[in-house]
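K.L.:
This is the structure I have questions about; it appears just below.
The values are calculated or read from the model by the stated rules, or taken from the named source; none is laboratory data. Note that this is a predicted model, so its numbers are computed, not measured. Quick reminder, even Gly has a Cβ in these numbers, built from the backbone with ideal geometry, and neighbours come from all protein chains shown. The protein model used for the area step is the full one, side chains on, heavy atoms only, and it has no ligands, DNA or RNA in it. Shrake-Rupley method; radii C 1.70, N 1.55, O 1.52, S 1.80 Å.
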Amino acid sequence: ISIQRGGKARKSFAVVESTEDLADRQIKATGRKIAVDLPDGKVEFPPRTMKLSFRNRRGVDILDLDNIQFSDSGVVAGFDIHGARNFYGLGEKTLPYNKYGSRCTMWNTDFPAYPLTYDPLYESIPFLLKADSGGAYGLFFDNPSRSNFDVGATDSDRLIYSASKGTFELYILT
């Protein structure tokens with residue numbers, strides 16, 4: 001998913017793109033929503049609400065992008081995580097392995113003798129893996145600017161992502 005405000009689309013160096021022909025996919029468009037059936041699930045987009053919903057192949061909601069805002073200071077995106085409570089990743093952080101309930105910053109900093117809860121640290125890997133008995137999916141946020149993740153810390157059922165500049169580019173791996 002790539003959403004940007006004006007301007008020319010940027011070429012990402014983080015992902016090797018290969019186009020996929022959606023001709024053999026079931027695409028349904030009505031006045032109320034656009035739905036695309038994919039091998040591992042379905043994406044639905046009702047233009048009136050501007051909400052993107054992702055369902056697994058069993059039809060269970062896994063993630064909804066229900067709020068995105070652009071401003072001069074970047075982009076903020078809010079997701080309903082549908083009760084997911086196990087999130088792993090985000091690179092070397094002085095946080096628990098399960099990032100649920102945490103906030104962290106992606107901005108490389110080399111701070112010698114850092115305290116136990118210091119953030120940000122040495123590397124920025126904006127990838128989250130949700131994994132539990134309900135299934136798994138990965139989220140790769142492809143934006144190299146300073147960014148922040150709030151994984152259920154402010155609101156227990158929300159993932160909030162913000163970046164100081166650039167586009168909103170998200171890869172969902174199922």
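K.L.:
Once Lys and Arg get +1 and Asp and Glu get -1 on their Cβ, which of 154, 79, 98 lies farthest toward the positive end of the dipole of the chain?
P.N.:
In the chain, that residue is 79.
K.L.:
Same structure again: Let me know the volume per residue of the alpha-carbon convex hull for the chain, in Å³. Each step should come with its number before you reach the end.
P.N.:
Details: hull volume 23.5 nm³, N = 174.
Here the figure is 135 Å³ per residue.
K.L.:
What does the charge add up to near residue 72, with Lys and Arg as +1, Asp and Glu as -1, over the other residues with Cβ less than 12 Å from its Cβ? Provide the component values of the computation, followed by the final result.
P.N.:
On the way: positive: 5, 165; negative: none.
Summing Lys and Arg as +1 and Asp and Glu as -1 gives +2.
K.L.:
Say each of residue 11 and residue 57 gets a label point 7 Å from the Cα, pointing the same way as Cα to Cβ; how far apart are those two points in nm?
P.N.:
My value for the distance between the label points is 3.5 nm.
K.L.:
Roughly how many debye, to the nearest 20, is the charge dipole of the chain about its Cα centre, given +1 on each Lys and Arg Cβ, -1 on each Asp and Glu Cβ, and no other charges?
P.N.:
Computed about the Cα centre, the dipole is about 460 debye.
K.L.:
Also, I was wondering about something else. Could you rank 53, 133, 156 by how accessible they are, 1.4 Å probe, largest area first?
P.N.:
On the way: 53 10, 133 130, 156 60 Å².
Output order, biggest surface exposure first: 133, 156, 53.
K.L.:
Let me ask something additional. Just the accessible area for residue 16, please: 1.4 Å probe, Å², rounded to the nearest 10?
P.N.:
Result for residue 16: roughly 140 Å² accessible.
K.L.:
Mind listing the long-range amide H neighbours of residue 68? Cut-off is under 5 Å, sequence gap 5 or more, other chains count too, H placed in the peptide plane at 1.01 Å from N.
P.N.:
The list, which skips near neighbours in sequence, is 78.
K.L.:
Between residue 67 and residue 146, 0.36 nm times their residue separation minus their Cα-Cα distance comes to what? Present the calculation step by step, with values, prior to reporting the outcome.
P.N.:
Numbers: separation 79, 0.36 × 79 = 28.44 nm, distance 1.98 nm.
Working it through step by step, the gained length comes to 26.5 nm.
K.L.:
Keeping every protein chain present and rolling a 1.4 Å probe, give me the accessible area per residue for the chain in Å². Please report the intermediate quantities before stating the final value.
P.N.:
Details: 10300 Å² over 174 residues.
With all protein chains present, the chain gives 59 Å² per residue.
K.L.:
Here is a follow-up. With a 1.4 Å probe and every protein chain left in place, tell me how much accessible area residue 28 has, in Å² to the nearest 10.
P.N.:
Solvent-accessible area, nearest 10 Å²: 100 Å².
K.L.:
Percent relative contact order of the stretch 128-174, based on C-alpha pairs within less than 8 angstrom and at least six residues apart?
P.N.:
Answer for the stretch 128-174 is 42 percent.
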